[in-house]
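Single-structure report; data block below.
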Amino acid sequence: KKLINLLRGWPSPHLLPAEMLRRAANSVLSDPAVFVPALQYGPDPGYEPLRQALAAWLGAAYSVKPDVRELCITGGASQNIACVLQSYTDPAYTLAVWAVAPCYFLACPIFEDAGFGERLRGVPEDEEGVDVEFLERTLRECEEKASKEEKPYKHPTPHRKLYRHIIYLVPTCANPSGKTLPLARRTALVHLARRHNALVICDDVYDLLQWPTDSSRSEIPPLPRLSDIDIPLGPSSHDPPARHFGHAVSNGSFSKLLGPGVRTGWAHGTADFAYGLAQTGSTRSGGAPSQLTAAIVTQVVVDGGLDRHLRERVRPALRARHGRVVEAVKRELAWAGVRVVESSESGRGVFGGYFLWVTLPEGGPAAAELAERARAEEELIVAPGGMFEVGKTGGGGRFERNLRLCFSWEDGEIVVEGVVRLGRVLRRWYEG
């Protein structure tokens, strides 16, 4: 049998815009006025034409006033998490990293590498996403146990500050659960962060990959980013005098929009936060991240190619695959009690991202066993829920009865075949 991989969270090779990027690269490398600065070290906040283009593009997408000062170009979402931790946390002063569980499994090693392995805490979801009441209660308990504010090792002033807590989540189309925080929950989370001197790191990588599940509806505008909610509130009591660092950063990336190999993204926050992030030592030493690629990406943003690519190719393809995999799960797995996990947003007919999160019934096989048998018996790779637990204690919940099915990598008919194979494994398990 041909191997089917429903674990790999990559864009389909058929959706990579190679020709569009080739034309943009030719344009950049044919004009000395463009390629000379593009091939040199760049300004700390990043390639200025891309910052300008992104400010306008994101302003239109989120219906906010563009402000280039609120943007910093990054080397992608994952690299930027590491840069945020370098600049805005301290091993003595920062109490913990709170990750919403189930959690994107490759984010946890970034926090561990920054020294937070023993202070990585899970926060559970309910049907609307992160449980804010649970989070506030545990934040207070954590602060009460800390007898005093330890003297920090770092001296971030004047362009940076230290946060007492880090909160990490994917607010829209969460990986793996697919849940999207409604506006009220986003607002509550921002206010909680402001009360506790916390920074919310939002991986907003799927915001522009949403669609209505009802075929009679067209495009779905994204909900406000947490940074859009936080910035108008102004400085908090935790900001230094004459500074406004804010309590939420939007971590954006072109990896899911154009291709992971682009390795270019952006951070959106207050002007002080964005500039402070640009002062991260590794950024200043190496120059602006992804300088040449940023120049190429600028071309496809400015000429409308990116918008067309998302509107005409990416979202329609993901929408079609999502519809087919949901139908396949109902047809091939529902008999065993397998169900698709939904959030309040998906219940309103909105879905997005790359993944379907399913729950196995009590009394059936555990997810890890089912995944192992699927690989051995059917040449099928699926992601068992245990991959997405947080920390050594599994805080935030255990997910032994969950599977993540990715529908972005394999072609639609192959994804459906994968679900059929999973159904065969289940039948054999129940038949003994």
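Take the stretch 52-63 and flag every residue that is surrounded by fewer than 20 Cβ atoms within 10 Å (Cβ to Cβ) and over 21 Å from the mean Cα position of the chain (by Cα). Matches in the stretch 52-63: Gln52, Ala56.
Looking at the stretch 334-354, can you tell me whether even one residue there is surrounded by fewer than 23 Cβ atoms within 10 Å (Cβ to Cβ), touching a His at 6+ places or on another chain (Cβ under 9 Å) and modelled with pLDDT of 95 or more? Working first, answer last.
Keep residues of the stretch 334-354 that are surrounded by fewer than 23 Cβ atoms within 10 Å (Cβ to Cβ), which gives 334-342, 344, 346-350.
From what's left, touching a His at 6+ places or on another chain (Cβ under 9 Å): none.
No, the stretch 334-354 contains no residue that is surrounded by fewer than 23 Cβ atoms within 10 Å (Cβ to Cβ), touching a His at 6+ places or on another chain (Cβ under 9 Å) and modelled with pLDDT of 95 or more.
Would you check which residues across the stretch 12-51 are open to solvent by less than 70 Å² (accessible area, probe 1.4 Å), part of a loop (DSSP other than H, G, I, E, B) and closer than 13 Å to Ser290 by Cα and list them? Those that are open to solvent by less than 70 Å² (accessible area, probe 1.4 Å), part of a loop (DSSP other than H, G, I, E, B) and closer than 13 Å to Ser290 by Cα: Gly42, Pro43, Asp44, Pro45, Gly46, Tyr47.
When Pro241 is tested against (1) under 25 Å from Pro102 (Cβ atoms); (2) open to solvent by 10 Å² or more (accessible area, probe 1.4 Å), exactly one condition is not met: (1). Put simply, of Ile4, Ile73 the only residue that is touching a helix residue (DSSP H, G or I) at 6+ places or on another chain (Cβ under 8 Å) and over 23 Å from Phe105 (Cβ atoms) is Ile73.
Among the conditions (1) open to solvent by 40 Å² or more (accessible area, probe 1.4 Å); (2) more than 20 Å from the chain's Cα centre (by Cα); (3) of a type in the set (D, E, K, R), Asp90 misses just one, which is (1).
Go through Ala383, Ala374, Ala368 for me and flag whichever is at negative phi and open to solvent by 10 Å² or more (accessible area, probe 1.4 Å).
Values: Ala383 fails: open to solvent by 10 Å² or more (accessible area, probe 1.4 Å); Ala374 fails: open to solvent by 10 Å² or more (accessible area, probe 1.4 Å).
Ala368 is the lone residue from the list that is at negative phi and open to solvent by 10 Å² or more (accessible area, probe 1.4 Å).
When Asp214, Asp230, Asp207 are checked against the criterion of being open to solvent by 10 Å² or more (accessible area, probe 1.4 Å) and either farther than 23 Å from Ala60 by Cβ or at pLDDT 95 or above (or both), a single residue qualifies: Asp214.
Any residue that is among the basic types (Lys, Arg) and more than 14 Å from the chain's Cα centre (by Cα) - is there at least one of those in the stretch 251-265? Taking every residue of the stretch 251-265 in turn, at least one turns out to be among the basic types (Lys, Arg) and more than 14 Å from the chain's Cα centre (by Cα).
With the structure loaded, tell me whether Ser218 is over 22 Å from the mean Cα position of the chain (by Cα), within 30 Å of Gly323 (Cβ to Cβ) and without any contact (Cβ under 8 Å) to a residue 12 or more places away in the chain or whether it fails that test. Yes; evaluated as a whole, the condition is true for this residue.
The values are calculated or read from the model by the stated rules, or taken from the named source; none is laboratory data. Just so we're clear, the structure is a prediction, and the values are computed from it rather than from any experiment. Counting neighbours? That spans all protein chains shown, and the Cβs are built from the backbone with ideal geometry, glycine included. Ligands, DNA and RNA are excluded from the accessible area calculation, which covers all protein heavy atoms including side chains. Shrake-Rupley method; radii C 1.70, N 1.55, O 1.52, S 1.80 Å.
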